[in-house]
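Novice: This is the structure I have questions about; it appears just below.
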Amino acid sequence: MSNDYNTRTLKLKIYPFGEEQKKTKDRFYQIANDTWKAANRISSGQYFNDQIIRTVYARRKIDPKDKAQVEAIEREFFDKDGCFGSKQQATTERDIKEAFPNIPSYVSNALNQVVVSSYNKEKSNVLMGKRSLRSYKQGMAFTTSKVSVAFFDNEDGKHGIVWKLGRKEHLSFYIYYGKDKGNYRETIQSILNNSLDYSAPQFQVKDGAFYLLLPVKDPKKEIALDSNLSVGVDLGVSTPAYVALSKGPAKEALGSSKDFLRNRTQIQRRIRETQRSLKLISGGHGRTKKLRALNRFRDNERNFVKSYNHKISRNIVDFAIKHKAGVIKMEMLEGFGVERSNGTDFILRNWSYFELQNMIKYKAKRFGINVVKVDPYHTSQTCSACGNYEFGQRKGREFICAKCGNKTNADYNAAVNIARSTLVVSRKEDCQYFKQHSRKAA
């Protein structure tokens, strides 16, 4: 059954207040520091459980497909009267409560559920050696129960939260909105007015600051969309994204690749300079300081790209909504790149276009817009007016059809072809380009 809401996560900066600020900070740090260690204990504990069971199967010559024998082994080990005295999932919950008594039960219970769920999804690949056991690092976000967090507002109009750790212990924080470009203040006010719901929140410590990650349940917005009208998204050279409709003249160039690459390459140059200077420092405080600077530059680069993608993806979805388009089409970019000699591959390496595609998907989903990928073969060298394909018709930013003489912006021409394409694909192996080059390689 589909939900009648879409979820978006707010990242809210929070800070303690009052006479017990230091005590609140120390307690928060303690929980955050114990949590990532506990997460690794849970993951390795579940792996240990599975290894025990696999060893028992092998030594007793038990067929894992024999349901009766499997259930008997599970009762022998994972039952209240069995070897471990509890269900398999509960073994690690008990372990971390004993090893990390300072983690509140609201956190330890939720943490165990989240980590075990992730482990179960990856278990088959881990046991078969296809991937390594997931490792949790310091600074990870950790979940708490929904009932442990309560929102409030005071007479000064400040919003805050009270985080209940136990019957007699709680931590209080104010919410810092900054410039509030995401209009988070209004969202929290809606929660206080009981007109908006949310799911179990998470907390995180990053660079010495405290954050609340709040999954908000936005009611689905009913918009009259035309399922026969599509928006094509083309990765351009002069523009990061060019959008056009499958029918009609509507089009829009989004962003500037020149500005984007200038900013990112500048950050990358600083990273390289810092890395070179680190080679000259063998150790000591100078190296520590340089490493902090290097990590800061890397964070700046990541945040810049992510913010840029958020902006572009929002504009693409807004364009679709404005024109009532029910479908957004993008190119399947994996295994593709030879046909285009327009610098697209360089932009792909520097832009995280795949992250953009994921952002478009979840933002479009809020409004019921379907997002699909199409075969990119010939989209840039085919005339959108007459359908003629001939290599060399795209000349930089301009497209000139050798047959009908159509002269137009090359990115717009490709966007229209993408919007009209019926070659929907779900993997690169379905793409014509991939098939042709696979045959040549063979």
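Novice: Can you tally the net charge around Ile400? Count Lys and Arg as +1, Asp and Glu as -1, for every other residue whose Cβ sits under 13 Å from the Cβ of Ile400.
Specialist: +3
Novice: Sorting Ser43, Ser195, Ser145 on the 10 Å Cβ count, fewest up front, what's the list?
Specialist: Listed from fewest to most nearby Cβ atoms, that is Ser195, Ser145, Ser43.
Novice: Another question, then. Quick one: net charge of Ser86's neighbours, Cβ under 9 Å, K/R +1, D/E -1? Don't skip to the end; give the middle numbers.
Specialist: Values: positive: Lys80, Lys87, Arg94; negative: Asp79, Glu93.
That works out to +1.
Novice: Find how many whole Å separate the alpha carbon centroid of the stretch 300-322 from the alpha carbon centroid of the stretch 391-427.
Specialist: 24
Novice: Any chance you could run the full-extension gain for Ser118 through Ala224? It's 0.36 nm times the residue separation minus the Cα-Cα distance, nm to one decimal.
Specialist: 34.4 nm
Novice: Under a Cβ-Cβ cut-off of 12 Å, what is the net charge of the residues other than Val233 that fall near it, where Lys and Arg count +1 and Asp and Glu count -1?
Specialist: 0
Novice: Which links in Lys247/Lys363; Lys251/Lys306; Lys322/Lys435; Lys247/Lys311; Lys179/Lys206 stretch past 29 Å when you go from one Cα to the other? Before the final figure, lay out each step's value.
Specialist: Details: Lys247/Lys363 23 Å; Lys251/Lys306 24 Å; Lys322/Lys435 37 Å; Lys247/Lys311 25 Å; Lys179/Lys206 20 Å.
Where the Cα-Cα span goes over 29 Å, the pairs concerned are Lys322/Lys435.
Novice: Classify the stretch 135-220 as rounded, prolate or oblate, taking a ≥ b ≥ c as the square roots of the eigenvalues of its Cα gyration tensor: rounded when a/c is under 1.5, otherwise prolate if a/b is larger than b/c and oblate if not.
Specialist: Note, shape of the stretch 135-220 comes out rounded.
Novice: Give the order of Phe78, Phe399, Phe391, Phe367 when sorted by the count of other beta carbons within 10 angstrom, beginning with the fewest.
Specialist: Going from least to most buried by this count: Phe391, Phe367, Phe78, Phe399.
Novice: Right, another one. To make sure I understand, if each residue's beta carbon is the centre and we count other beta carbons within 10 Å, what order do Met330, Met359, Met128, Met140 fall in, fewest to most?
Specialist: On the way: Met330 23, Met359 20, Met128 8, Met140 16.
Going from sparsest to densest Cβ surroundings: Met128, Met140, Met359, Met330.
Novice: Taking every pair of distinct Cα atoms and averaging 1/r, then inverting, what Kirkwood hydrodynamic radius in Å comes out for the stretch 24-124?
Specialist: Numbers: mean 1/r = 0.0679 Å⁻¹.
Computed over Cα pairs of the stretch 24-124, the Kirkwood hydrodynamic radius comes out at 14.7 Å.
Novice: Taking 56 Å as R0, compute the FRET efficiency from the Cβ-Cβ separation of Lys407 and Glu71 and round it to 0.05.
Specialist: Given R0 = 56 Å and the Cβ-Cβ separation, E is 0.20.
Novice: Provide, for the stretch 24-124, the number of lysine pairs with alpha carbons under 28 Å apart, each pair being eight or more places apart or on different chains.
Specialist: Total qualifying Lys-Lys pairs in the stretch 24-124 comes to 27.
We did not get these values from a lab; they are worked out from the coordinates using the rules stated. Just so we're clear, the structure is a prediction, and the values are computed from it rather than from any experiment. Note that each Cβ is placed from the backbone with ideal geometry, even for glycine, and that neighbours are counted across all protein chains shown.
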